1. Can you find a residue that is modelled with pLDDT under 80, closer than 30 Å to LEU256 by Cβ and either assigned to a strand (DSSP E or B) or among the charged types (D, E, K, R) (or both) anywhere in the range 328-346?
2. Filter the range 178-193 down to the residues that are in contact with a strand residue (DSSP E or B) (Cβ under 8 Å, 6 or more places away or on another chain), without any contact (Cβ under 8 Å) to a residue 40 or more places away in the chain and not in a loop (DSSP other than H, G, I, E, B) and list them by number.
3. Do you know which of the residues in the range 212-253 that are part of a loop (DSSP other than H, G, I, E, B) and of a type in the set (A, V, I, L, M, F, W, C) is nearest to TYR296 (Cα to Cα)?
4. Residue under question is LEU313, and the condition is that it be under 34 Å from the mean Cα position of the chain (by Cα), assigned to a strand (DSSP E or B), of a type outside the set (S, T, N, Q) and buried (at least 16 other Cβ atoms within 10 Å of the Cβ); does it hold?
5. For the range 257-291, give me the residue count where each residue is at pLDDT 75 or above and either within 13 Å of VAL220 (Cα to Cα) or not polar (S, T, N, Q) (or both).
6. Examine the range 571-587 for a residue that is outside the structural domain of ASP615 (by TED's automatic domain parsing) and basic (Lys, Arg), and state whether such a residue exists.
7. Is the range 486-509 home to any residue that is in contact (Cβ under 8 Å) with a residue 60 or more places away in the chain and out of contact with any Lys or Arg (no Cβ under 9 Å at 6 or more places or on another chain)?
8. Residues that are more than 15 Å from PHE365 (Cβ to Cβ) and not assigned by TED's automatic domain parsing to the domain that holds LEU400, at least 1 per element: which helices (runs of 4 or more DSSP H) completely within the range 414-532 meet that?
Amino acid sequence: TRLFMLLAAAFALLGWLTHVLLKTNLQDLTRLRATARRIEAGDYSARIPIRASSPPELQQTTRAFNHMSSALEQVLTDLNEQQKALDSTAGVTESDAAGNITFTNDLFCRISGYTREELIGQNHRIVNSGGHDAAFFNDLWGIISSGGTWRGEICNRDKDGRLIWMATTIIPIKGDDGLPQKYLSIRFDTTQRKLDEAALNDEKARWQVTLQSINDAVIVTNPRNQVTYLNPAAENLLGIALDEAMLSPLNAVMQLDQRSHDDAPACFLSPATALHGQTGSAQLQTRSGQHLAISYSCAPLTGPGGLGAIYVLRDETEKKKQLLDSLREMAFHDPLTNLPNRRAVEGRLERALRTARDEAQQHAFCYIDLDQFKLVNDTCGHSVGDALLVDIAQTMKEALSAQAYLGRLGGDEFGLILFDTRPAEAIEVCRQLVQRIRDFRFEHKGRRFTLGACAGIAPITQVPATAGELMVQADMACYRAKSEGSGRVMLYEADEVGFRRLEAEMGWAADFAQALEANQFLPYRQLIQPTSSGSQPHYEVLIRWQRNGTIEGPAKLLPALERYGQAPILDRWMVETVVSYLAAQPDDHAVYFINLSGKTVADEAFLGTVCYLLDHYGVAGERLGFEVTETAAVVNLEDAQRLIHGLRQRGCQFALDDFGRDASSFFYLKHLPADFLKIDGAFVRGMLDDRRDQAIVRSIAKLASDFGMHSVAEQVEDAEMAALLRDMGVDYLQGYHIHRPEALPHWQPVTATQAAQRPRAPHLALVK
């Protein structure tokens, strides 16, 4: 009984333990089953907690299950990311075995323009463009229906009718029987690439046509400097066909002549030396041995294969010949009149000089200058003036013999060489020629113009001379002829006084610039004394030239500078000299008067120069005065009015010089608001002996007073003359009796360095 009780207790304990164990294991299995269902429902993050009281085998099973769940979650996450990436770049569809669409992603909908609802259940023929034939689709269907994967490009059409190119991969999905049950299509939009390729092909075709048709030779080489392309012009120039030249070294198909410039062949040696935009010229030796003058350009070509080069050659042989002919024509002919030009005339003069020297022949060179031509240019324009020159040239040619050599020297000036002609005969020929020009009538828009001409003649004899000297002699003779009036003819005579004076003036004018640079000019002053006490004295500034060890006056220099247009340069120098002197002499309260030439009066920039110098040196305009001759003021009346007005605004004073010499003085006097009238010295010198001169001087003094001006008598040489002028009421006296000219005290010249460092005056801006 006790044993039975012990066994019963043991069995009861075993049963209880078994019950507890089973209950614990069943709870773990229940949790495992619940977690599996959550994963099945899509919750891949579900895990089973591991209990320490669970049997080891069950703990290991739980760990394995959790590891499997984590791996599955990661795989599914990766698949989702890949799906998103695929959906963002590729259009994906799925279709059944019959080709009907059962699935599509959003990108394919956007590409095709159809909604998902419009695509599902439709056959792929819905996007068929008709761009592929039946054979294309038969091949495609044959591959995928037999289980193969098809890859290629398909041209589809979207809902709006636009063509879309797609790089397509079709993958069959097989069933248990090994046969395709459905098809997965992955498409990438390649439309833009196709369009770019088409545009590139079109461009390539156009360039091919262009290269085939141009006359320049085009050569293309690869990185190894082997020929890869020749256009027809290159084949003709090099004498080799493209097929024969293909992959040949460049120097094997074209050889540069040894006489080519050293730098010319460099870019042909290697594509690496073909700098962009490099050009040059060279001598090309063809396969036939012909030597051609070529111009070339080269540039590098870059690509996947490395660096190549393109060379463009042009045969300049014929062009060079034409250019030389053209240059020769331009060098010796006037393009307007088709006459020989100055250079040709000079060359023919040299020949005439040789025959005169070697064969004792006598010729003549004539310099012909038209009158009133500027009037036609100013009135009708330069194109009409050019037409007139052409007609005049033809008129002169028709009036001359075939042996005469007529050329245009420039502008309205012509040169004529008369061979085997004595001076008297040359004078007669020129007179007839001048008369023909005077008889010529030119009409334009109802206006008729009559021209004149003057001629100067230089004999060509055995006396040594150059072509340039003959031209100068004839020019001087023509100048003398013009000074006597239109239609004159004059022969140059070396010993004649007038020509010697002209030659001297030319020498003075030629030396002027160098003398100015060397500071050889000196400013002098002469007192202008008032006749009444309390009036302010003035000075007239005069010019002197230190030349050849002596000091010379302006009597010869000024006419030469006026004649050759250099007087304004001297006037500007004088203005700066006086203004800088006044700046250095603040205690000198006299007014200094400077003479101005007619060309300076007409120069619009001169007023700006004066204003700039006054400002630059800080000198008051009231200390400065200007004199202009009555003749210069009358010829340039409007310019003189403008200049006087501008100078007086700055406080400067103005004097009308040599008054009374011009018959029209009184008419112009009221239009020239001068401050001083300077009586012509010719009247002052003669008034002691001629009562008429006295009357003129007295009248001018009275006239000046009535106009509110001051009168100045020039060339006052003695005390008697000075007393008489005071009695007449003249305000100021000037002459050797009053004061002999003297150098400016304490004057220092402006050096070339100082002049270079000084800023330029903005002349035009100040004038405006």
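The values are calculated or read from the model by the stated rules, or taken from the named source; none is laboratory data. Note that the structure is predicted; figures quoted are calculated from it, not measured. Methodologically, a virtual Cβ is constructed for each residue, glycine included, from the backbone with ideal geometry; neighbour enumeration extends over all protein chains shown.
1. Filtering the range 328-346 down to residues modelled with pLDDT under 80 leaves 328-331.
If we keep only those that are closer than 30 Å to LEU256 by Cβ too, we end up with 328.
Okay, now just the ones that are also either assigned to a strand (DSSP E or B) or among the charged types (D, E, K, R) (or both), so 328.
Scanning the range 328-346 turns up at least one residue that is modelled with pLDDT under 80, closer than 30 Å to LEU256 by Cβ and either assigned to a strand (DSSP E or B) or among the charged types (D, E, K, R) (or both).
2. Taking the range 178-193 first, the residues in contact with a strand residue (DSSP E or B) (Cβ under 8 Å, 6 or more places away or on another chain) are 180-191, 193.
Subsequent filtering for residues that are without any contact (Cβ under 8 Å) to a residue 40 or more places away in the chain retains 190-191, 193.
Within the range 178-193, THR191, ARG193 meet the criteria.
3. Keep residues of the range 212-253 that are part of a loop (DSSP other than H, G, I, E, B), which gives 214-216, 222-225, 231, 239-241, 246-248.
Of the ones still in play, those that are also of a type in the set (A, V, I, L, M, F, W, C) are 214, 240-241, 246-247.
Numbers: ILE214: 15, ILE240: 19, ALA241: 20, MET246: 21, LEU247: 21 Å.
Among those residues, the one meeting the criterion is ILE214.
4. On the way: under 34 Å from the mean Cα position of the chain (by Cα): yes; assigned to a strand (DSSP E or B): yes; of a type outside the set (S, T, N, Q): yes; buried (at least 16 other Cβ atoms within 10 Å of the Cβ): yes.
Yes, satisfied.
5. Number satisfying all stated conditions: 6.
6. Start the filter on the range 571-587 by keeping residues that are outside the structural domain of ASP615 (by TED's automatic domain parsing), which leaves none.
No, that holds for no residue.
7. yes
8. Fully inside the range 414-532 and qualifying: 497-517.
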